[in-house]
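So the structure is just underneath, and the comments pick up after that.
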Amino acid sequence: MSVPDSAGGEEVKQAKEIEDAEKYSFMATVTKAPKKQIQFADDMQEFTKFPTKTGRRSLSRSISQSSTDSYSSAASYTDSSDDEVSPREKQQTNSKGSSNFCVKNIKQAEFGRREIEIAEQDMSALISLRKRAQGEKPLAGAKIVGCTHITAQTAVLIETLCALGAQCRWSACNIYSTQNEVAAALAEAGVAVFAWKGESEDDFWWCIDRCVNVDGWQANMILDDGGDLTHWVYKKYPNVFKKIRGIVEESVTGVHRLYQLSKAGKLCVPAMNVNDSVTKQKFDNLYCCRESILDGLKRTTDVMFGGKQVVVCGYGEVGKGCCAALKALGAIVYVTEIDPICALQACMDGFRVVKLSEVIRQVDVVITCTGNKNVVTREHLDRMKNSCIVCNMGHSNTEIDVTSLRTPELTWERVRSQVDHVIWPDGKRVVLLAEGRLLNLSCSTVPTFVLSITATTQALALIELYNAPEGRYKQDVYLLPKKMDEYVASLHLPSFDAHLTELTDDQAKYLGLNKNGPFKPNYYRY
Amino acid sequence: MSVQVAAPAVELKELSGPMDKAAAAGPPCAEPPGHGHGAAGAVCPLPAEREAVAAAASCGAERPPLSVCPGLSAAAGATKVPQASAMKRSDPHHPQHRHRDGDGGGGSAAEALVSPDGTVTEAPRTVKKIQFADQKQEFNKRPTKIGRRSLSRSISQSSTDSYSSAASYTDSSDDETSPRDKQQKNSKGSSDFCVKNIKQAEFGRREIEIAEQEMPALMALRKRAQGEKPLAGAKIVGCTHITAQTAVLMETLGALGAQCRWAACNIYSTLNEVAAALAESGFPVFAWKGESEDDFWWCIDRCVNVEGWQPNMILDDGGDLTHWIYKKYPNMFKKIKGIVEESVTGVHRLYQLSKAGKLCVPAMNVNDSVTKQKFDNLYCCRESILDGLKRTTDMMFGGKQVVVCGYGEVGKGCCAALKAMGSIVYVTEIDPICALQACMDGFRLVKLNEVIRQVDIVITCTGNKNVVTREHLDRMKNSCIVCNMGHSNTEIDVASLRTPELTWERVRSQVDHVIWPDGKRIVLLAEGRLLNLSCSTVPTFVLSITATTQALALIELYNAPEGRYKQDVYLLPKKMDEYVASLHLPTFDAHLTELTDEQAKYLGLNKNGPFKPNYYRY
């Protein structure tokens, strides 16, 4: 459960509590959660509570992974230096005299601006969207209330939305992830931001409320990450929905909540599920993990991969990425799978499909990416060879049965941040990374390029919902239209200096396609 | 439709009436496919997703449980069968593939026929149109509006092995008497069959035994299901290529309790000795290599029209058998439990029937099952691109600059193989999503004219037409190799090379040098037809996937409880798809992990699958 370090085990425990608190409905969260749950915690809960019969479960690990950069290289300038006065008590005004915001310290705006400018370099898609759409201002008149991680990357998104004509009010979807200086920069630039790092539960809801509950301003679009904002509006200001044209939701959790609302017939505006768009999914899973598995292992262990025997548990998108990267570095890769189709894919890609117990004695690295629980058990851990590395790239912290290692006969030794040696009585050591939490969130970064895909998708979803003719979207949850998905991809092609071929009229006619897409039917698998 | 065909044309025209017209003239898809049938009340306004919803709803068995909400079911149904027409544009393009759907391609009358040994012969004018022609037509007639088109090239490609290494012992040796005029009996005294020469049975048996070695999945299926005989009582009438591989399928069906009667779906592809071996072992087989149009329908009729025997299942490849029964014996459908159709063409016809409300039994589209699609496209082409190029040109790939047009499944396979050989690979694409995938996989995305001067090989796999134009060909460097891995022979504008100033030189079978006045040569493979069908083989393993899928589809339809399948076209349930894959895992000595009860509960899955929601992309 990749809980940020600062949160530690306590958060996990809360997750459990909520888990016990019965059915996860929109109602339950607020009233029962004693403290604001951080994202990952309820993700775990969601898994457990997933309707068992439907067989529908999330195949994405994205959560809001791609929208958080709490582990990114960008330093937070303000972590420890600040005074203890709560931002709520402070009177601050930006250089234009406005005090319609609440951040840690408006004076840090300059640092934040620098961060935003760095992020802009890698988010050329959003910048080009600004340019392309600036003339027509597709969001003119849009009043967007947002609740996402507040980082340099989302700042680029927010400023893009403003450039396209929208008015924005923003709060954070995570009490820890806010970059204070970025929030300050946004406030300085005139965006009504209510967020700081280390909010309390009460602060969290207060910030959201300040975004929504304003005299003389009523939101007509919602951009949410996790569903908390939507939930709050539902509970407190149901009338606001009369003016709302649509909700754009990014996270697995939030999407799940929307589907439940929709199922219960309670969804009264159209909602767009951007989490499952093709481009975003590929980048959150396959491409991102293909890089971060190597990065995460290198940063923590400095291991050399050539000739090492590695077993990857699970051959979904994440597993495929890990295997490809490791194979490319000369590792000998084994795969375990439960799904015969994915298993056959692994075979055809040249990987030996084995059961974990068959190779556990000989492998040097064990990587889990199944979304399942207890894939690596104490029994497996007992049989591993000395200095075997164990880590998790999957959904949550359940894949490796870490609790089973908390027994008296085993010694835990923290050798560096995120790296524990677990020592058996006979001297054998197992190297456990990030205590079984997500390796790529704990020990590696999410590239800005991946976040750019997400942010662009969100911006286009907002534009689509806001400009859709009456009746195109009903009170339901939609996937981003394929054409928009393709547009997200096409906006990112210039970074590769990639030159897309255009169909001739003749060819388009032959294929029965519009020259501008969509190019594939919906069932296409990519 | 094959107007140019001499005598049989009349009959042909008449026969292929409604279906083909629909196929040809039909505005195939102004509307989404499954649209007509109960979309479960899901109102999904987003046009793009509507079809998926409808499709999802049409398949009760697989329908995502949460589909109460349209958006969701749209997502979940995304992989579901889509639409009728669009379904597959890929057609067999098998040069020898018989087809009577039409002959849009006027010029194809003189299309060359390629025999297994690679020699090229002129197609006799009187025989039916070969594949390419109607392929093209189908393409042309494709609904322009919907943007729905087939993404698979599988057709019945994977069910034919006319290019396989298996020799035909009988090509030239036989007498000229038509099998229809011969009186033959097998060793058990039965004469309920019609093959070229029953005496060749022993050779055929050997071929079948070889094929069995490489089709362990079907053999395993025989063993696993033999006890319960899941097809006991099934009377299957089949129309497929008759090859050693389909013989293994047929004998498997027999072992599972079915009675079979079989005809060929292609007038050229039958292996006579295999047909003989089947006849000898008691299967009523009506097929020989080189049937006439008339023979073709006669064979089908002999399968269907039998005293005291009425089929209750149909296994079809191309839709001809289904069509014949529709036209001649419509009453027979009262007893039929289902149709299993393998080819793109046949599936397309079924969707049109369904759309017109004329489909009166459930049909199973096995062409679009995940496993089959991956093997027909990605895995098969990944190997055959190298094989095809090597066999024809003996070239070395390391360091060569290659441009691959199109980055769909076929393009991905080609690129992966070439990259692995050390080539420098460029990609062209029209779809930004696939283009981005190419970028992330480390290929330079270019426009063709940017690199055409410098590349050593041009490979097309777009499904489009005129991707390589005369202008490109003019600018290529000396001894550039041009070949096509895509759908049809339209991708390279070969016709534009038939001009007086260019000299054509056939240097070996399937390899032409086209020489410019200044001496520049380009190397054109298979005259722009499909390289992997013309110059390489389809591995038995790929055919095994197809055959296993067919067998499971038959079992599923035959044993489905009343009401599970309505009068509609279905995709193979995911669970069966997974089962096909699992039957092939032992070949790789692959050991599948099983979920513990606890884990299954945690994931909300059944321990035995299905393991993924329908919208999963693999």
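For the reader, a short list of remarks on this structure follows.
- Qualifying residues in segment B:364-390 (those that are free of Cβ contacts under 8 Å to residues at least 40 places away in the same chain and away from chain A (no Cβ under 14 Å)) - the one nearest to B:Ala435 (Cα to Cα): B:Leu386
- Number of the condition not met by B:His513 [criteria: (1) within 21 Å of the chain's Cα centre (by Cα); (2) under 15 Å from B:Cys483 (Cα atoms)]: (1)
- Only residues that are outside any loop (DSSP other than H, G, I, E, B) and over 17 Å from B:Asp394 (Cβ atoms) were counted in segment B:506-521, giving 2.
- Lone unmet requirement of (1) within 19 Å of the chain's Cα centre (by Cα); (2) more than 27 Å from A:Val477 (Cβ to Cβ) for A:Asp225: (2)
- Qualifying residue in segment B:206-216 (condition: surrounded by fewer than 22 Cβ atoms within 10 Å (Cβ to Cβ) and among the small types (Gly, Ala, Ser)): no
- Residues located in segment A:496-513, provided they are within 13 Å of B:Gly463 (Cβ to Cβ) and more than 7 Å from chain B (Cβ to nearest Cβ): A:Ala508
- Note on segment B:443-471: residues that are part of a loop (DSSP other than H, G, I, E, B), touching a strand residue (DSSP E or B) at 6+ places or on another chain (Cβ under 9 Å) and more than 14 Å from chain A (Cβ to nearest Cβ) total 3.
- Residue in segment A:125-141 that is in contact (Cβ under 8 Å) with a residue 40 or more places away in the chain, crowded, with 24+ Cβ neighbours inside 10 Å and more than 25 Å from A:Val446 (Cα to Cα) present: yes
- Some residue of segment A:128-139 being part of a loop (DSSP other than H, G, I, E, B), over 17 Å from A:Tyr466 (Cβ atoms) and at pLDDT below 95: no
- Selection of segment B:488-522 for residues being surrounded by fewer than 21 Cβ atoms within 10 Å (Cβ to Cβ) and touching a residue at least 60 places away in the same chain (Cβ under 8 Å) yields B:Ala495, B:Arg508, B:Ser509, B:Val511.
- Unique match (being polar (S, T, N, Q), closer than 30 Å to A:Gly330 by Cβ and at pLDDT 95 or above) among A:Gln309, A:Gln281: A:Gln309
- Residue under evaluation A:Glu181, criteria (1) surrounded by 23 or more Cβ atoms within 10 Å (Cβ to Cβ); (2) over 21 Å from the mean Cα position of the chain (by Cα); (3) closer than 18 Å to A:Tyr466 by Cβ, criterion not met: (3)
- Residue list for segment A:480-506, filter: within 21 Å of the chain's Cα centre (by Cα), closer than 11 Å to B:Asp431 by Cβ and among the aliphatic types (A, V, I, L, M): A:Ala489
- Residue check for B:Ala435: in contact with a Leu (Cβ under 6 Å, 6 or more places away or on another chain) and either within 14 Å of chain A (Cβ to nearest Cβ) or closer than 24 Å to B:Cys381 by Cα (or both): yes
- Some residue of segment B:597-613 being of a type in the set (Lys, Arg), at the interface with another protein chain (Cβ under 7 Å from one of its Cβ atoms), in a loop (DSSP other than H, G, I, E, B) and free of Cβ contacts under 8 Å to residues at least 60 places away in the same chain: yes
- Filter result (more than 14 Å from chain A (Cβ to nearest Cβ) and part of a helix (DSSP H, G or I)) within segment B:547-588: B:Ala547, B:Gln550, B:Ala551, B:Ala553, B:Leu554, B:Ile555, B:Glu556, B:Leu557, B:Tyr558, B:Asn559
- Here the condition is being at pLDDT below 95 and either more than 23 Å from the chain's Cα centre (by Cα) or more than 9 Å from chain A (Cβ to nearest Cβ) (or both); of B:Thr428, B:Thr393, it holds for B:Thr393 alone.
- Filter result (within 7 Å of chain B (Cβ to nearest Cβ) and not aliphatic (A, V, I, L, M)) within segment A:472-486: A:Arg472, A:Tyr473, A:Lys474, A:Asp476, A:Tyr478, A:Pro481, A:Lys482, A:Asp485, A:Glu486
- From A:Met272, A:Met348, residue being within 8 Å of another protein chain (Cβ to nearest Cβ) and of a type outside the set (S, T, N, Q): A:Met348
The values are calculated or read from the model by the stated rules, or taken from the named source; none is laboratory data. Computed from a predicted model, the values in this text were never measured in an experiment. Here the Cβ is made from the backbone with ideal geometry for all residues, glycine too, and neighbour counts use every protein chain on show.
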